[in-house]
Amino acid sequence: ALPDVPMPDVTTENGQRLWMSHIDGDGFLNRAELPGTPYAAEVVRSRILQKYRLPTTVSIIEGEIGPSGLYPKQSPELERIARDFFKMPTVELASHTYSHPFDWRVVEEGDAASGEYSLPIPGYRYSLDREIIGSAEYINQRLAPPGKRVKFILWTGNCLPSEKAIRMARKAGLYNLNGGDTTVRNSHPFLSLVTPMTRPMGRELQLYAPIMNENVYTNLWRGPFYGFRRVIETFERTENPRRLKPINIYYHFYSGAKTASLRALEEVYKWTLGRQINPVYLSDYYKRVLAYQQATIARDLSGNLHYQAPDGLRSLRQIGDRRKPNYMPAANIAGYRRLHDGIYYALGGGM
């Protein structure tokens, strides 16, 4: 029963749907079904990131590519490939932890890495500090080019970190994201399959991925390996009849290993590029969501609306209002655009 007034929005800027992409580190060293059997990561770099040159958040699992991990003999070559990724001007850096915990609710400090709840790294005992801060520092010190540092911890496995884990990431200056279950599609057209933006944990906040990854659309990577093309249905279902989510192409490196999954990924990119999009980094979206959480709206005694939020939130949306917008002499409104589900106002800066 809220009044029909403009409300803060994190899906759109300047009337265009936000577009972002991020890659979980799984499958970095899988061999691709291509001549010479290159690493899947090399295929993703050459066939996707170098071709489309859009802002992408890229993560690696230290326990897979680092010298102290599972494959020390391959580590020099794997680290070289990771450095090539991280020096790309369109890439921002992320960690996908050290041992890739599968269930954050079960694994406990000091547990041996047996392979039951994380990667079976020889001699390693689970440490929350090592997973989050240690893996980020490994990237910063060995893989990151000058002027770049890790911005994200991308949660692994069931993506249900504890309040302590989220707090540790925040205090280390790391954004945190992953999890959720936004998989609404034509065969499952249910709003219950559209996940909220965030998951509060005590006094901390986890951000969910806006749209789910190819692991879900391929039945946990059991096939069909072209299944990720169905994420287009999710993009459409979260756009009509009203815009619920930005576009988020979220996948793993192992999508570069199968011919069918690679073609599906290329199809998804091409489809999104045919839309009116505003590409941003995942960190830009993160800042918008945090600003949304802090936004306030009030009406004064004269009937005027007042909005306040940190810098980064630059869009208001008024659902279903077909009247001509009247925003003059409103302060900080740069313009507006009428779309299928309402009017989107572009702000000149933070509210």
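FYI, it's all coordinate maths here, none of it is from the lab. As the structure is a prediction and not an experimental result, all values here were calculated from the model. FYI the Cβ positions are ideal-geometry reconstructions off the backbone, even for glycines, and counts take in every protein chain you see.
Numerical summary
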{"read-out": "Euclidean distance between Cα centres, the range 153-224 to the range 47-101, Å", "value": "21 Å"}
{"read-out": "Alpha-carbon radius of gyration plus Dmax, which is the widest Cα pair, for the range 23-154 in Å", "value": "14.6, 43"}
{"read-out": "The range 220-351 - convex hull of alpha carbons, volume per residue in Å³", "value": "130 Å³"}
{"read-out": "Among (1) 70, 64, 45; (2) 65, 49, 45; (3) 70, 41, 39, the entry that matches Cα extents along the principal axes in Å as calculated here", "value": "(3)"}
{"read-out": "Fully extended contour minus Cα-Cα distance, from residue 51 to residue 74, at 0.36 nm per residue", "value": "5.6 nm"}
{"read-out": "Computed lengthening from residue 193 to residue 125, 0.36 nm per intervening residue step minus Cα-Cα distance", "value": "20.9 nm"}
{"read-out": "Hydrodynamic radius (Kirkwood) for the range 194-297, which is based on Cα pairs only, to one decimal in Å", "value": "15.1 Å"}
{"read-out": "Within the range 1-58, trypsin sites (Lys or Arg not before Pro) in DSSP loop having at most 14 other beta-carbon neighbours inside 10 Å", "value": "53"}
{"read-out": "Alpha-carbon centroid distance for the pair the range 12-33 / the range 243-285, whole angstrom", "value": "5 Å"}
{"read-out": "Using alpha carbons only: equivalent-ellipsoid semi-axes of the range 252-322, gyration tensor based, whole Å", "value": "39, 16, 8"}
